[in-house]
Amino acid sequence: MAHWFHRNPLKATAPVSFNYYGVAGSPAANKICNDLRTTRARLLDMFTDSTCNPDIMKNATDAYFSLLQGFIAALDGTTQENKMRFIQNFKWTDTLHGNTPSAQQDAIFELASMAFNVALWYTKFASRLAGKENITEAEAKDVHKSLKVAAGIFKSLKDVHVPRLITPAEKGKDLEPRVMDAYIIQSQAEAQEVTIARAIELKHNASLIAALAFETANFYQKADHTLNTLDPEYSSKWRKYLQLKQQFYMAYAYCYHGQTLLASDKCGEAIRSLQEAEKCYSRAEALCKEYRHTSGPGATAKPSEQLFFLKLGGLIKNTLEKCQRENGFIYFHKVPAEAPQLELKASYGLAEPIGFEMPPVSEQCTPEVYATFDLTKGAKNDKGKPKEEEVKPVKEPDLKPQKDTGCVLS
């Protein structure tokens, strides 16, 4: 079973110099500003570096966020807002809205937007790794973990950091609850795809595979429903992906549920379950074509031509034919008119987000150094008129899925 995942583009941002002439009143304060600029630039470079791995990404993320928190956390021993929080204007695009940026003069907006891109990077790293021809067990574990890390970052942003923004997230933009929920749930569902592939490879009980597939289909349906009130112009392609994956895993669930029923000598019910699997598979096939021809963010792909898709079609066909043969020779059961109601609960293998914690504030950001930042000196940014820095689209590495990928987890 191979993996194919839809990916929205990375967020783009305007460059930030962190040059606060006059305001940074000591060499140590100037060093913090210089280090903010260089660690931010390095982290942005890592997003498009095809050699970057989770360890490198974590180090780059921690280096920048530990310094940025010096502009967010209270460093003077009071509960008052950090005086540096609102000194800089930040511009970021959104994953669904092309190259049109949003801007806020708030370090928490920067932290949330950058962390969002970090989470997106983990999903893209997982997608690239899962697209390899002969994925190893260790690589499959990396895919699984990366998707759970991404889910944890998205969840932390939604629950902890985004609510602290002075200006609420705009509707339909990345930091809005509906969009963040969709990313959280999609990451969990994709992590469970890896679990299902592993369970199939190790020939686990068909009932467990059916339950995992059913739970995964429900995740995709839930993610799709969170987006149903967004503007179709921006969300349609993403939703087609979620819908086709929901039908695909419902087909898996009915297929393996049919195997469970056959093993229990319920051949007529097994046939009906396999017939329902065929229907779900046909709906998924139709949605694949709709996905391909729907405009919107994300690369154009042909999921119905991927090996993971074709293999399920063959499995359903062969299992149904086996059930029909057995029924004609042994069981002679009547095939029910209604499809079986799937009320399957997986006891194992459900993917939970890995908790995300910000690194501690950098040791450079001491109360003594903080006191040397003087906002009464130097030119202040006009909060009503943010600087017009150019936001250039991110040039991402080519991550097209390989048609012959087999994703054998051994």
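Points to keep in mind about this one:
- The residue list 231, 265 contains one member that is out of contact with any strand residue (DSSP E or B) (no Cβ under 9 Å at 6 or more places or on another chain), open to solvent by 50 Å² or more (accessible area, probe 1.4 Å) and over 22 Å from residue 343 (Cα atoms), which is 231.
- Out of 138, 112, 197, sole residue that is free of Cβ contacts under 8 Å to residues at least 40 places away in the same chain, among the aliphatic types (A, V, I, L, M) and out of contact with any Phe, Trp or Tyr (no Cβ under 7 Å at 6 or more places or on another chain): 138
- Criterion violated by residue 11 - all others in (1) open to solvent by less than 60 Å² (accessible area, probe 1.4 Å); (2) charged (D, E, K, R); (3) in a helix (DSSP H, G or I) satisfied: (3)
- Taken over segment 288-327, the criterion of being of a type in the set (D, E, K, R) and more than 18 Å from residue 238 (Cβ to Cβ) is satisfied by 305, 311, 317, 321, 322, 325, 326.
- Residue 133 being farther than 27 Å from residue 350 by Cβ, touching an Asp or Glu at 6+ places or on another chain (Cβ under 9 Å) and either assigned to a helix (DSSP H, G or I) or open to solvent by 20 Å² or more (accessible area, probe 1.4 Å) (or both): yes
- Summed over segment 207-233, the residues that are of a type in the set (S, T, N, Q), part of a helix (DSSP H, G or I) and more than 11 Å from residue 192 (Cα to Cα) give a count of 4.
- The condition (being assigned to a loop (DSSP other than H, G, I, E, B) and either touching a residue at least 40 places away in the same chain (Cβ under 8 Å) or under 30 Å from the mean Cα position of the chain (by Cα) (or both)) is satisfied by just one residue among 35, 49, 55: 49.
- Qualifying residue in segment 288-295 (condition: closer than 30 Å to residue 208 by Cβ and either part of a helix (DSSP H, G or I) or over 23 Å from the mean Cα position of the chain (by Cα) (or both)): yes
- Residue within segment 330-346 that is of a type in the set (S, T, N, Q) and buried (at least 16 other Cβ atoms within 10 Å of the Cβ) present: no
- Per-region count, segment 323-377, residues modelled with pLDDT of 90 or more, part of a helix (DSSP H, G or I) and not charged (D, E, K, R): 3
- Residue match in segment 89-106 (condition: within 22 Å of residue 362 (Cα to Cα), buried (at least 20 other Cβ atoms within 10 Å of the Cβ) and in contact with a Leu (Cβ under 7 Å, 6 or more places away or on another chain)): yes
- Contact map, segment 274-302: residues that are within 23 Å of residue 257 (Cβ to Cβ) and of a type in the set (D, E, K, R) paired with residues that are open to solvent by less than 80 Å² (accessible area, probe 1.4 Å) and part of a loop (DSSP other than H, G, I, E, B), Cβ distance under 6 Å, separation 6+ or inter-chain. Pairs shown: 276/339.
The values are calculated or read from the model by the stated rules, or taken from the named source; none is laboratory data. Here the structure is a predicted model, which means the values were calculated and not measured. Please note: Cβ atoms are built from the backbone with ideal geometry, for glycine as well, and neighbour counts cover all protein chains shown. Surface areas here come from the heavy atoms of the whole protein model, side chains and all, with no ligands, DNA or RNA. Shrake-Rupley method; radii C 1.70, N 1.55, O 1.52, S 1.80 Å.
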